[in-house]
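What follows is calculated from the coordinates using simple rules that are stated; it is not laboratory data. All values derive from a computational prediction rather than experimental measurement. Every residue, glycine among them, receives a Cβ derived from its backbone with ideal geometry; neighbour counts consider all protein chains shown.
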Amino acid sequence: MNTEQKDHTEESLRPTHVVTCFLLRRDTAEPRVMIAQRSQRVGSYHGQWAGISGFVEAGIAPDEQAYTEIREETGLEREQVRMLRRGAVVEHVDLALGRHFYIHPFLFEAFAPEAIRMDWEANEMRWIAPTELGNYETVPKLREVYDSAINGVRINP
């Protein structure tokens with residue numbers, strides 16, 4: 001592919017803003033984060049592990065969309081979680097999907113991890129030590145997105 005074709009292809013990518021939320025639990029010997037294995041019923045990256053994620057809807061702020069995705073995918077309500085950090089946006093170009101993703105990372109504390117109920121978007125959910133992320137087949141850039149979330153701007157309650 002020559003440079004002109006590549007540039008044209010990248011220019012034609014659809015800009016896509018998504019949120020990725022990492023739920024943290026501190027009621028264990030060491031803190032754990034939750035990852036979810038994406039089901040065959042979602043639009044992309046089937047069978048790969050991810051944080052709680054979803055498209056940012058038009059007219060909705062990423063912070064607000066993060067709460068919506070957590071509620072939809074885990075059943076946890078706003079008062080059962082607390083936003084701890086907001087990371088810098090991580091970009092990912094997926095030529096096969098025709099998208100330029102802008103990933104908005106968040107770190108939340110889950111106050112009621114036992115209340116989590118998985119929805120259709122996930123096959124399975126696991127609480128893991130963050131150092132274990134490399135042991136899973138994840139969506140693109142998940143480690144970078146996690147690092148952005150934990151090093152992000154601290155949110156004051």
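Numbers at a glance
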item	result
Crossing angle, helix 62-74 versus the chain [Cα axis fit, 0-90 degrees, rounded to tens]	60
Part-to-part distance (alpha-carbon centres) for the stretch 17-31 and the stretch 83-157, which is given in Å	8
Hull shadow area, averaged, the chain [alpha-carbon convex hull, nm²]	10.1
Cα point-scatterer Debye curve for the stretch 20-75, base-10 log of I(q)/I(0) at q = 0.16, 0.29, 0.30, 0.31 Å⁻¹	-0.56, -1.18, -1.20, -1.23
Compactness relative to 2.2 N^0.38 Å, alpha carbon Rg of the stretch 31-114	1.13
Among beta bridges that DSSP assigns inside the chain, antiparallel share in %, nearest 5	70
Where labels lie 7 Å past Cα in the beta-carbon direction, separation of residue 11 and residue 95 in nm	1.7
